Structures are given as C-alpha cells and as structure tokens.
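These notes are about the structure you will find just below.
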Number of protein chains: 2
Amino acid sequence: MELIWLIPAAGFAAVLFALWLAWDVLRRDAGTPEMQDVASMIFEGAMAFLRRQYSTIAILAVVTAIAIFLIVGGVSEGVKEIISDKGEIKYGDKVVSRWEEGLLTSIAFIVGAAASALSGYIGMYISVRSNSRTASAATRSLSEAITVSLRGGAVSGFLVVALSLLGVSGIFLVYSEILGNPESIAPFLIVGFGFGASFVALFAQLGGGIYTKAADVGADLVGKIEAGIPEDDPRNAAVVADLVGDNVGDCAGRGADLFESMSAENIGAMILGVVIYTVTGNLEWVVFPLVLRSFGILATMAGMTAVPFFARRQTGGDPMTPLNYGYYLVSLLSVAGLFVATKVMMGDAWYWFFFCGLIGIGTGIAFVYITQYYTSGAWRPVREIADASRTGPATNIITGTAVGLETTAATAITIGLALVGSFMLGSEAGIEGVPAFSSGVFGTAVATMGMLMSAAYILSMDTFGPITDNAGGITEMSGAPESARHITDSLDAVGNTTKALTKGYAVASAGLAAFLLFSAYLDKVKERLDIPLTEELPIDLSTVDVFVGGLMGVMLVFLFSSLAIRAVGTTAAKIIEEVRRQFREDPGIMAGTSRPDYGRAVDITARASLRAMVAPGLLAVGMPVAVGLIFRFARDAEVTVGGVTYPDSSGWLAVSGMLMIGTIGGIILATFFNNVGGAWDNAKKYIEAGMLQVPSGDPGKMETLGKGTDAHKAAVVGDTVGDPYKDTAGPSLHVLVKLLSTITLVLAPLFIS
Amino acid sequence: MELIWLIPAAGFAAVLFALWLAWDVLRRDAGTPEMQDVASMIFEGAMAFLRRQYSTIAILAVVTAIAIFLIVGGVSEGVKEIISDKGEIKYGDKVVSRWEEGLLTSIAFIVGAAASALSGYIGMYISVRSNSRTASAATRSLSEAITVSLRGGAVSGFLVVALSLLGVSGIFLVYSEILGNPESIAPFLIVGFGFGASFVALFAQLGGGIYTKAADVGADLVGKIEAGIPEDDPRNAAVVADLVGDNVGDCAGRGADLFESMSAENIGAMILGVVIYTVTGNLEWVVFPLVLRSFGILATMAGMTAVPFFARRQTGGDPMTPLNYGYYLVSLLSVAGLFVATKVMMGDAWYWFFFCGLIGIGTGIAFVYITQYYTSGAWRPVREIADASRTGPATNIITGTAVGLETTAATAITIGLALVGSFMLGSEAGIEGVPAFSSGVFGTAVATMGMLMSAAYILSMDTFGPITDNAGGITEMSGAPESARHITDSLDAVGNTTKALTKGYAVASAGLAAFLLFSAYLDKVKERLDIPLTEELPIDLSTVDVFVGGLMGVMLVFLFSSLAIRAVGTTAAKIIEEVRRQFREDPGIMAGTSRPDYGRAVDITARASLRAMVAPGLLAVGMPVAVGLIFRFARDAEVTVGGVTYPDSSGWLAVSGMLMIGTIGGIILATFFNNVGGAWDNAKKYIEAGMLQVPSGDPGKMETLGKGTDAHKAAVVGDTVGDPYKDTAGPSLHVLVKLLSTITLVLAPLFIS
C-alpha cells in the first residue's frame, strides 16, 4: 500500500491547482463596462437557472433517497462477509443489516448527488466569470485570450475530477475503516454514490441540454429568420438566454456527465477488485483505480501547465495545435504513472494490466482522431455534406444522416477492439485462484481507468468551449472592436472541436465501461444469491427474458431521445412566442431605442426547460424498474450455476438484457447524434468560410458559394436540426447509459425474488 | 396426417386463383392510345431493369452457391440421424456426408433464389400491365378502378405466397421422401432455400429501393425545384424512371421481402418442430407450419373475393374501409383455420398453441392500428409535424425525428408482449419429454406462422400501391380528364397507407420470428456439436464475445443504412445530371415541342442503382462471416452444457450476439425509418389538402396554409428526406435482419472449430 498516500495528495493538489487557476482568472481585467454589463446578465441568468434546477433536482433526489432506503431496506437481506476458504470464495456472517444497508446506500446517494451538484455549481461560477475576462483579453492578444479561457475551463475540469476522487475515496474510507465494515464489502455499500452522481447528471444534462438548444434554436428562428437581424444581435430578447444556455448545457451538464462517469466506473472497478482482493489478500486490487486516477491528475496538471509554453513557441497557425500537444503530454505522463502504479501494486501480473491501461489511453487518442475526421471541415465527411447543400436542405439532411450513420462504424470497432484486447490481456494475468474471467473483466476496468486518467484535461477543453462562445457574444453585444471579434471567432471554432471531442470521449468511456459496470451488477446479484463471486453467472440471450429486456433497452434509448428532442421544440416555441410579444408590444426594440427584457426571456426558458426535463428523466429512472418488476412477477425463468438452480430469476435477467443491450443501442445512437450534429455545424462553417467552390458558367473558373447563398441556407437547416441531436439527445444518452448501470446496481435486490 | 393434402391443394388453388385474376385484369380495356404509350414505356423500363438486376443477382448467387458448396462441404462433418433414446434425444449414424450436405444446401439455395426471382418477375409483369387498365377504369368509376388495381396486386400476392409454400414443401418432400433422408434432418438440409430467398430479396429490395427513391428525388429536385414544372410533367425526362421505380421498389422488392420472410420462418419453424417430432414420433409437428399457411391461403382467397362486395355496399367514403373489412374477414377465417389445424394435429396440447397463433393474428391487427396512428393525418403525430412546418424545414425535421423515434415504443412493446405471451403459452403445453423451453420457442413460431396467414392479403394491398401510383402518373401524362385524376389521387392516398402497413407487418414478423430463427440457429450449432436438441445452449451476454458481437451487429445495421441512404443520393445526382443535359441540349423539351429521351434516363437510373446496391449487399453478407471467422481464430471461449465443456466457441458465440442484438437494432431502426418517412409524407399531404389552419390576423378567423406556402415547402423537405428512409433503408433493413438469420444458419459450421 505504498502508493495510497497519493490519493489525498493528488485530490488536494487538484483543488489547490483549481483555486490558483480561479484566482488567476478572477484577478484579471473584467473588461469594459459594456462587457461587464452583458456578462452580469449572463451570470445572473445562469446562476438563477442553476439554483432553480438544483432545487427541482434536490426534491427529486430526496424522494429517490427515501425510496432507496425503503426499497433496499425492505427487500434486501443485508450484506454478508465475503471470505476466502481454501481458494474458494464464500459468504460468511451477515455484517450489515438490511436497514443499515438501505441507510448507507441512501446516504451515499445523497453524498454523490451533492458532490456532483457542487462541482457543477463551482465550475460554472468560474466559467461565467471568465467570459468577459476572455472578451477583454481578446482586445489585447490571442495568446492571452487562450490562457484566460483555458484556465477558466480548467477550474471546472480539476474540481470535478478532484471532487470525484475525494468523494469516492472518502466515502469508501468512512464506510470501511470508520464504520468498521470489511473492505471487501465496502465497495458494494458505496454504489449509491454512483447512482446519486448519475441521477444529478441526468437531470443536469437534460435540463441544460434542453435549455441551451431551445434558446439557440428559438433565438435563431425568431431573430435570423423572422426579424432578419444577425446572430447575437442585442435587439433579440432571447440572445442572453442563448449565451446562458452555452454555460448550463456545455459546462454544468458535461461536468456532471464526466463526474458520474468517473465515479461510477471507479466504484465498479473497485467492486471487480474485490474478487482478486479476497483471493490474494492484497487490498491494492480494490484501491488501484483510485491510485491510477491520482497519477492521472498529476499528469494532467503538468500537461495543462505546459500548454501556454506550447502556445508561445507556435507562431500563428491553428490554436488547436498547442491543445493537442498538451493532450499528448498528458497521455505520455499517464503511461509513466500507469507503469509505476501497476508495477508497484500488482505483483507479477503487472505487465498484463499495464498493457490493458495502455489500450485505454490509446482508445482516448483514437477517439480524438475519429471525432476530428468526422466533424472537421478538413476531411471528406463534412465536405460531402457541404457539397450536398447545393441541391437544398433535403439533400443536406440526407447526406448528413448517411455520414452520421457511418460514423458509428469506427466508434464500434474501436470500442470492440479495446474491449476484446483488454479482456484477453487481463484474462492472461494468471493470478492464482482468480478465474480468467474475473481478471479479464478487471482488465477492461483498467483500460477504462487508463482512459479516464486524462479526464480533467478533456473536461477543461470542453468548458473552454462555452467560455469562448460567450466571449464572442459579449464582444458582439458590447460593440468591441472588430479585431477582438476575429480572435473570439477563431477560439469559438476551436471550442466547437473540443466540445465534439469531449462527447466522443464520453461515448468511448461509456462503451469501455459497459463491461465492468455490467459485471459489477452481476457481482451484486451473485452476492445477493450467495453465488461465489468466482463463479460465472450466464445471462442467456436465448431466453425470452433477456431478449425482450434487451428489446426494451434499445427502445428506451430511442424513446428517451424522442422526448429530449421534442422538449427542445416545445421549449423553443415558448421562447419564440415571448420574443414576438416583445417585438410587438415595444416597437422601440427593433428601432434600437429601447432595450428588450432579456431577463423575462431567460426566465421563461428556464421554467420551460425544467418542466420539459422531468418526463425523459422519469422515463430513464422508471423504465428499468418497471421492466424488472414486471418480469419478476410475470415470469419465472430458472438459472443454473455450478449445479445449483436458482428459480424466479426473470426479473434480474430482463434487467441484465436491458442494461447490456440498451448500452449498445445507447452508445451507437449517441455516436450518431453527436457526430451528425457536429458535421452539420461544421459544414455550415465550411460554407461560411467560403470553402465551397463549384464550376462557374465560365469554363475553368470556380465560383464560391458562401454566406447568403441557397447552399448556405440549406446548411443552416442542417445545423439547426443537428443542435438538439448533438447537444441534447446525444449527451443525455451517455448519462442514460451510465444511469442504467448505477440504478440497476443499487436496486438489484428489487428484481430478485 | 389428415390435413397434409391441404398443402398442395392450397398451393395450386392459389396459383389458379392468381391466374384467374391475371386473366380478368388482362382482358380489360387497356386505355387510350396515349395511356398505352406511357404504360408501355413503364413496362419496358421496368422489365429491362428487372432483367439487368436479375442478371447481376444471378452472377452473385452462382458465386455464393459455389462458396456454400465449398464451405459446407469443406468444414461441416455431415449430418447424423437424430434419434430418441429413452426420452433423450441423441445422434445416430451419419446419414449425409459432408460433400452431400454441401451439395444439397447449395441446390436448395439456388432453388430458393430462383423461386424468389420468379415470383418477383411474374408479379411485376401483371402489375405493370394493370396500371393503364386502372387508369382506364378510373375514367369510368371508382369501384372499377379499385377492383382492377386490387386484383392486379393480388396476382403478385398470391403467386408469392404459393411459390413459397410449394417451394418449401416441394424441396422438403424431395430431400426427405425422394432422396430417402430421415424427416428429422430434412429441415436442416433445406435451410439453403431460405438463404437463397433472402439473398435475392436483399439485392432486389436494395436495388429496387435505391432505384425508386433516386428517381423520385432526382425527378423532383430537377423538375419541381430547378425547372419549376409540376410532378409527373411529361417534359421531365426522369418522370418515366420515377414511375418505373414505383414498381421495382414497392412491387418486386417487397414481394421478395415477404417471400423470404415466409420461407425462412417456415423452415425455422420446421426445424423447431424436429425436437417435438423426435420425442413424440408425430411428423405433424414438422409439417404443421405448412398446413397452417395453407389455411391462411384459403382464408385470404375468401377475404379477397369479398372486398368488391364490401365496396359495393359502401356508398362514398374512404376506399380504405372495404379493404379493412376484407382484412378482418381474413383474420376471422384464419382463426377458424388455426382452430382446425391445432385441434387436428397437436393432440392434447392443441389449445396452448391455438392461443399462440391467436397472439400472432392479433399482433398483425395491432400493427395495422399502430401504423395508421403514426402515419395518417387523422391523429396527433402527423398533425404535429404539419404544425412544426410553419417555422420552416428545420423544425419539420426535428419534430418528425422526435415522432419517428417515439414510434419505436409501441412497436417494441407489442413485439415484446407477443413474444413473452406466446413463449409462456407454448412452454405450458406439457408435451411429454419435450422441455418447456423447446415448446415455448415453438409457441413463438406458431405465433409467427399465425401472423403470416394473412401474408397474401397484405402483399396484395401493398402491390395495389404502385399500381394506383402508376395509374395516377399515366392519367397525368396522357392528358386524361380531371375526374379520372381525382379517382386515381384518392386511390393513391390509400396506396400510401397500405404500403406503410406492409412495412409495419414486415417489421412485426421479423420481430416475432427473431426468436424462432435464433433457436433454429442454435439447434444447428447443437447438431454440429452433438449436443442433444433438448439441452439448453446458453448464449452468455456477459462474455466479451457475445457482447462485442452484438455491438458489431447494431453497428452493421447503422452502417448498412448509411450505405443504402448514400446510394440514393449518388444515384439521384446521376439522374439530375442527365435531365439537365437533355434540357440544355434540346430547348424543344421545355417548350413542349419535342419529347425527352425517357429511355436514357431509365437506363442511367438502372445502371447507377445496380452499381450502388452491391456495396451494402456485400457488407450484409460479408460482415457476419468476417466477425464469425475473426472471433473463431482470435479467441477461445468455452461453453459448458450438461457438464460437458466445448472449447473454442468464440466464433459461433460472437455470431449469436451479432444475430440477436443486430436483430433488435434492425427492428427498431427500421421502425424509425419506415414510420418517420410515412409521417413526413402524410404531413405534406395534410398541408396540401388544406388541413393546416392557423389563426389569421383577423381575430376569430382561421387562415389555411396550403400548397405553395412556406409551410408546404418545409413539408416537402421533410417528405424528400423521408423518401430514402422509408423506401430504401427501412425495407432493406427487414431483409438484412432475416438474412442475418439465414446466413448464420447455413454457414454455422464455418464458425465452429
């Protein structure tokens, strides 16, 4: 346990680093009074939304926490000690009563939910403070603007990662050492933390995603199309809501998404470590995921610090380049950390898991390339869509759909290779007494944790997006010089790429983690049925329970997306109505003599999007429970493990199918939504940049189809369609997939007769 | 075996009935010389395409047949007798050598492919002969036009069903009685028939689907949008290609689709019957599916004959009503047939399976309602899309997508209920010596066969669609009176509904059949591994092989759709180029003084769409083989059944995951494509009919947003986007799902070490 001190060290170092970054950003010049005026409207709108959103979520969370207490306390049978008896894993005395289990799970849920909410709140506080400072920096230089916006983003990135690490390790410490429970059962007791985190993430991402795109689509439709005024024009009452939306969707939403990814996957990996710990007696296997993440934080701090250095060495060129160099440095240092962690903690089996971790780090890098290929104007897919815009919006949409469907192939193949590769390496580890199956699944967990080592860096780049987007809007609305707008525009384009990258990263981590989270669920079922953790529990796809459960899982993914996309439409309609009303009732707005009531538009958007997030959220939480209960009581399939037959298994079997096959459907559909949206967005930008050239009537000469042409109008349609796909449905699906894992993990006893 | 005579009787009765219908249609007035002129151009174009398409398919089929012979002959181990020994099913002596098995499978493949091609050819021959006769009848009366078009469609419907019934029963007879093989192994030997049928169906549906939508989209874009001339205007060189497309896509394509559905599911059901036959000694269990389908044919003949009676009793109103009455009559008579068949053939267990069959018939009726609800202008979904068109094409697409995603819920729940219900009923049957699992799966097979009893009726209604669509085009192009155009327009609207119904029916049958086809595949694996058919073979979803196989399956479904949709775009571009060239080189075309070269446009469409169908077709055939082989050689998972461990099982496990989870993904995605396309189409029609009313400036009064408004233009964009979704990708996915079943069934030995 030589490396265990790293966990608090890295966690607190990350907090200090974030505080230093925050101090550095906040001490800078906050811009002209006009800039500060716009920024303060955004700040107030964002904070008011967040407060209201968190109040709604808090009510839902408290109800859920009580439900967890009653369900787990009521239907579970308590937790027994897990002991190793002559190489076999068995269950000993009951050490936690069922009501105690319910209480601990419920508390963990609340702690996880609170930590997630806190990290979203603080991160966003700094992010909406950074926008005007970035706008101000942009009046001076590009490199200063990059520094401010990236540091603002990094505050969020490091806080989220630190809170997840400290939260998981802290609650593990309390539940094991302080409450005196055996270390082997503590990971099972803290699963509520993961569920709490995904619960908040689901609503944060849904509410934020609906808000941001409804405001965006609404502002565009009523401003650009109806009133014929440009984007971010101060006469548009919805324009502040649009800028608020960037923060609550991309910043708070994605932060919560990655917080729960890291937490849930960390806890799942610890559960898988229990088998190896019980057999070998080395607690290292349980705390390994925490240590590996600590190394990741240190690597990311170094990489982040180096970015300004890379930026200074570069003269001109793409601002993306120094960010990419930083990411490569983080990856390289992560490999070193992985080497130390596996070598010190894993004994003779270390190199098998070292290579598993390498696969994870490599998968992260692969997704950077895949996402850029499919969503950047430099390659075939986006150009193809831009080209199809020449024949109108219909062909733009058709070609975009074809491209989006195509992108699922590279994603699925990469995830498939990473899963098979890390499973095979892990199963070769040959730890005495541990079945190849268990160490194989642990291999996929190490790959997942390896990939997540760079999470803070990715999240910083992601939050960079809304900050620069906001800075652009503030520059426009405050009448800052043209040169500043050029700088914020170039940063905004980079922000679009980094936002797309984060989504690819989130999908990949969901895919890699599917296996480990599923196995954690099965371990929970085994624990509940007194099946030794070393036995394989077959989930037979040829039974009607698993198959129909899977059918319901894929259907859930589609229906959930339907509700999320529809919510954007209904909320946007409310915004359009309000802006129209303001134009109608005060003609001075259009003339530029009176100022529109931005606050009212912000308020209406907030209320409508919070109402709209409830239905898809409840569907996501309710459907696994409903399917599990229906199958539990309607059917009575049997499962035979090691010669013992377990009757009445339909409930947890159907949930297994739903979880696993729903995850596959969710990953693929999210990939489609994210990438097609990004590609449509950049096809529009490609045309706006004057890159679409067609043969003109004059032979040998080319004509440019730029802004304002019919091709551009067609591309705008595609971009608008892509908005709810890529910023509402896609990101919410990542969270849904993980929520399926955590909810089934926590409520497993409910599905077992 | 009292009822066995019904099989040839019903088969030949159906052929005679089809001949009588054909004679009745062909003897009617073929219309004015102008009508006949247009009709003959369509006829030539359609037949030329079909000849060329079948030549391409024939080459691919011969290569595949040789490959099957070499693969099955090379890697199989021949077929052993299946015997019952004291209540246990065991394997006896080898009765078919491996090269013989390869040869028989390969011949069955060729016969299945040829029968599918033949039914497509004959059906389309009559269909393209019926269009001008319908146009001519429309100049006289609505009821005569309905009679002609429905009878024309019924020729195709009855021939397809009869050829499938006679084909499957004929080859079964030859392979068992004439070649002297035991009846218990003959179903395994004829699986090639199903694969041949799906092979032809895949290419027929892909080629036809690409052709029809490329011509449609191309003609619209270059005619309506660029040249500003109406739909079906004779000055548009692509207009005949568009009319040809209706036949080759909807008529030949869907015919092949249902031919292979019926054949493959019939053969799969016979394989499942083998277990019960071996235990009970009653061959009835194997031939039951054939008998049930015979009853279905008789019921359909009665129902079809009654439609003109229903039509005469109705004065005015929706022409859909008599068609619906006919369907209810068919369903009612099918219930009677089901009763007789189960009562006579199934001994004491009859009523369990009677209720299974009832579930199947009920599922068919449920899908009629679901499809109508989601794609007809009378309900909320289509109205919502029409309403969203007011704010432009982007909101039309967003709302349509939300509706389309939503439709998957009703579909999945209905299929799920039917599967669980029929499985539970079947597993209660309590046939001595037959495990509950086997009789449960047989229950889902009976439900599937029950549903397919009405296949001939559904297919007749489907082919009714392109005939009336063509009749409308002929009426327009031949300058027939306005009143005739009104009649063909009203029939065309009905045709759109019946086409949508057929797709829902095809999806539902694919979903219901998933289980039986998968079990047939597992029986084949068991037979190959000498595992008794009564043992359950677990396909463990928690193994990396099954999970990653499933991930690849869902990915295949998405990638295949991408290729199919993209193919429409590239083919449409070729057509647009050609029509532009003709307009440019001969100004007389636009002036109406010279006639465009329709033939060249037809020819170019045919060549381009046949080239475009190859890539998705080869992907569909190649990917299951590739995944199976890669896993077979890269991994070595073990499976334990009844205490015996089977090593090196990764190949067939991965294929299992791909098949089952790919089927789930395919059913859901096809539902989305079919329904969203239908809803967009009817939202456009809803606006064109003047049903979209909005409050006008004048308080209390409503304004109609009809043809030519911006809302209509937005709805046209949605309709165009939906074209390749609903007529290319969606229907091709049904076939893909079944092809996955038949290819894995035939090539199973390849994936087993």
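The values are calculated or read from the model by the stated rules, or taken from the named source; none is laboratory data. Computed from a predicted structure; not experimentally measured. Counting neighbours? That spans all protein chains shown, and the Cβs are built from the backbone with ideal geometry, glycine included. In case anyone asks, the SASA skips ligands and DNA or RNA and just uses the protein heavy atoms, side chains included. Shrake-Rupley method; radii C 1.70, N 1.55, O 1.52, S 1.80 Å.
Leaving out ligands, DNA and RNA, what percent of the accessible area of the range A:650-732 is carbon and sulfur, probe 1.4 Å? Let's see the in-between values first.
Numbers: 1200 of 2210 Å².
For the range A:650-732, the apolar C and S fraction of the accessible surface comes to 55 percent.
Treat every Asp and Glu Cβ in chain A as -1 and every Lys and Arg Cβ as +1, leave all other atoms uncharged, and give the resulting dipole magnitude about the Cα centre to the nearest 20 debye. Intermediate results must be reported in sequence, preceding the final value.
Numbers: 48 positive and 66 negative charges, 187 e Å.
Roughly 900 debye for chain A.
So which lysines can residue A:90 reach, going by Cα to Cα under 23 Å and dropping same-chain residues fewer than 8 places off?
Partners found: A:80, A:524, A:526.
Under a no-solvent Debye model with one identical scatterer per Cα of the protein assembly as shown, what's log10 I(q)/I(0) at q = 0.07 Å⁻¹?
-0.77
On alpha carbon coordinates alone, what is the Rg over Rh value for the range B:210-369, Rh being the Kirkwood radius? Walk me through the numbers before you get to the answer.
Details: Rg = 22.3 Å, Rh = 19.3 Å.
Rg divided by Rh gives 1.15.
With an 8 Å cut-off on Cα pairs and a minimum separation of 6 or more residues, tell me the relative contact order of the range B:410-454 in percent. Write out the running numbers ahead of the final one.
Details: 40 pairs, mean separation 15.3, N = 45.
Relative CO of the range B:410-454 lands at 34 percent.
Among A:504, B:43, B:554, whose Cα projects farthest towards the positive end of the dipole of the protein assembly as shown, with charges put on the beta-carbon of Lys, Arg (+1) and Asp, Glu (-1)?
B:43
How long is the range A:309-398 along each principal axis, judged by its Cα atoms, biggest number first, in Å?
If we take the Cα atoms of the range A:309-398, the spans are 63, 36, 13 Å.
Below 14 angstrom from the Cβ of residue A:616, what's the summed charge of the other residues (Lys, Arg +1; Asp, Glu -1)?
Working: positive: A:213, A:566, A:611; negative: B:406.
Neighbourhood net charge equals +2.
Sum -39500 (n - 2.57) across every DSSP H segment of at least 4 residues in chain A, then divide by the residue count to get the 222 nm mean residue ellipticity, nearest 500. Please report the intermediate quantities before stating the final value.
Numbers: 22 runs with 575 residues, N = 753.
Taking each H run of at least 4 residues, the total per residue is -27000 deg cm²/dmol.
Can you pull out the GluC sites (Glu not before Pro) in the range A:229-309 whose DSSP state is coil and whose Cβ has at most 16 other Cβ atoms within 10 Å? List each step's numbers first, then the result.
Values: sites: A:231, A:260, A:265, A:284; in loops: A:231.
Within the range A:229-309, the qualifying GluC sites (Glu not before Pro) (loop, at most 16 other Cβ atoms within 10 Å) are A:231.
In vacuum, with every alpha carbon of the range B:478-550 counted as one equal point scatterer, what does the Debye formula give for log10 I(q)/I(0) at q = 0.11, 0.14, 0.16, 0.26 Å⁻¹? Two decimals, please.
Results for the range B:478-550 at q = 0.11, 0.14, 0.16, 0.26 Å⁻¹ read -0.55, -0.68, -0.78, -1.13.
Cross-link list A:685/B:713; A:574/B:707; A:503/A:707; A:503/B:713; A:726/B:726: which exceed 31 angstrom alpha carbon to alpha carbon?
Values: A:685/B:713 25 Å; A:574/B:707 27 Å; A:503/A:707 28 Å; A:503/B:713 34 Å; A:726/B:726 23 Å.
Over 31 Å apart, Cα to Cα: A:503/B:713.
Using the alpha-carbon centroid of each, what span in Å lies between the range A:440-508 and the range B:600-640?
With the range A:440-508 and the range B:600-640 each reduced to a Cα centre, they are spaced 37 Å.
Report the charge-dipole magnitude of the range B:285-413 in Debye, nearest 20, computed about the Cα centre from +1 at each Lys and Arg Cβ and -1 at each Asp and Glu Cβ. Can you show the working numbers first?
Values: 7 positive and 5 negative charges, 57 e Å.
Computed about the Cα centre, the dipole is about 280 debye.
Can you spot the aspartates and glutamates whose alpha carbon is less than 12 Å from residue B:94's alpha carbon? Ignore those fewer than 8 places along the same chain.
B:77, B:81, B:527, B:530
From the P(r) of the range A:143-184, could you give the percentage of C-alpha pairs in the tail past 17 Å?
Distances greater than 17 Å cover 52 percent of the Cα pairs.
Over 5 Å intervals from 0, what percent of Cα-Cα pairs in the range A:26-73 sits in each interval?
Calculated P(r), rounded to whole percents: 5, 17, 13, 13, 10, 10, 8, 8, 6, 5, 3, 1.
Cα centroids of the range A:143-193 and the range B:360-391: how far apart, whole angstrom?
Each part reduced to its Cα centre gives a spacing of 48 Å.
Between residue A:481 and the same site in the other copies, what are the distances in nm, shortest first, taking label points 7 Å from Cα along the C-beta direction?
Inter-copy label distances (nm, one decimal, shortest first): 7.9.
Choose one of A:280, A:266, A:295: the residue whose Cα lies farthest towards the positive end of the charge dipole of the range A:245-308 (beta-carbon charges +1 Lys, Arg; -1 Asp, Glu; about the Cα centre).
A:280
If we sort B:356-362, A:686-692 on the protection proxy, mean other Cβ atoms within 10 Å, highest first, what's the order? Don't jump to the answer; show the numbers that get you there.
Values: B:356-362: 24.9, A:686-692: 18.9.
Put in order of decreasing packing, that is B:356-362, A:686-692.
Averaged across the residues of B:572-581, what count of C-beta atoms belonging to other chains lies within 10 Å of each residue's C-beta? Can you show the working numbers first?
Working: counts 3, 4, 0, 0, 2, 0, 0, 0, 0, 0.
Taking all residues of B:572-581 together, the mean is 1.
What does the charge add up to near residue B:22, with Lys and Arg as +1, Asp and Glu as -1, over the other residues with Cβ less than 14 Å from its Cβ? Please list the in-between numbers first.
On the way: positive: B:27, B:28, B:129, B:133, B:151; negative: B:24.
Taking every other residue near residue B:22 into account, the sum is +4.
Put +1 on the Cβ of every Lys and Arg and -1 on every Asp and Glu Cβ in chain A; which of A:113, A:583, A:203 then has its Cα farthest towards the positive end of the dipole?
A:583
Roughly to the nearest percent, how much of the accessible area of the range A:388-436 is carbon and sulfur, given a 1.4 Å probe? Intermediate values should be presented prior to the final figure.
Numbers: 830 of 1350 Å².
Of all accessible area on the range A:388-436, carbon and sulfur atoms account for 61 percent.
Starting from the range B:680-742, pick out the trypsin sites (Lys or Arg not before Pro) whose DSSP state is loop and whose Cβ has at most 15 other Cβ atoms within 10 Å.
Working: sites: B:684, B:685, B:701, B:707, B:713, B:726, B:738; in loops: B:701, B:707.
Qualifying residues, ordered by number: B:701, B:707.
Run the paramagnetic zone check for residue B:694: 7 angstrom along Cα to Cβ, then residues of the range A:582-613 with backbone nitrogen under 17 Å.
Only A:582-584 pass the distance filter.
Buried accessible area for the B:A pair, summed, 1.4 Å probe, in Å² rounded to 100? Display every interim value, and only then the final one.
Values: alone 25160 and 25100 Å², together 44230 Å².
Protein heavy atoms only, the B-A interface buries about 6000 Å².
Do you know which residues of the range B:655-690 lose at least 20 square angstrom of accessible area in the protein assembly compared with their chain on its own, with a 1.4 angstrom probe?
For the range B:655-690, once contacts with the other chains are taken into account, B:660, B:661, B:664, B:668 lose 20 Å² or more.
So the label point sits 7 Å from Cα along the Cα-to-Cβ vector; using that for residue B:5, what distances do you get to the other copies, in nanometres, sorted shortest first?
Counterpart label points of residue B:5 in the remaining copies fall at 9.6 nm.
The range B:76-149: which trypsin sites (Lys or Arg not before Pro) are DSSP loop and have at most 16 other beta-carbon atoms within 10 angstrom? Please report the intermediate quantities before stating the final value.
Numbers: sites: B:80, B:86, B:90, B:94, B:98, B:129, B:133, B:140; in loops: B:86, B:140.
Sites meeting the loop and neighbour criteria: B:86, B:140.
Return one whole number: the accessible area per residue of chain A in Å², for a 1.4 Å probe.
Numbers: 22090 Å² over 753 residues.
Per residue, chain A has 29 Å² of solvent-accessible surface.
Just counting partner chain Cβ atoms within 10 Å, what average do the residues of peptide A:534-541 show around their Cβ?
Working: counts 0, 0, 6, 2, 10, 8, 9, 16.
For this peptide, the per-residue mean of nearby foreign Cβ atoms is 6.
Normalised by the residues of chain B, what does the relative contact order come to in percent, with Cα pairs under 8 Å and at least six apart? Mind dumping the intermediate values first?
Working: 1490 pairs, mean separation 149.4, N = 753.
Relative contact order, chain B: 20 percent.
With charges only on Cβ, +1 for K and R and -1 for D and E, what is the dipole size of the protein assembly as shown about its Cα centre, in debye, rounded to 20?
Details: 96 positive and 132 negative charges, 351 e Å.
The calculated dipole for the protein assembly as shown is roughly 1680 debye.
What whole number of Å gives the distance from the Cα centroid of the range A:571-598 to the Cα centroid of the range A:1-70?
32 Å
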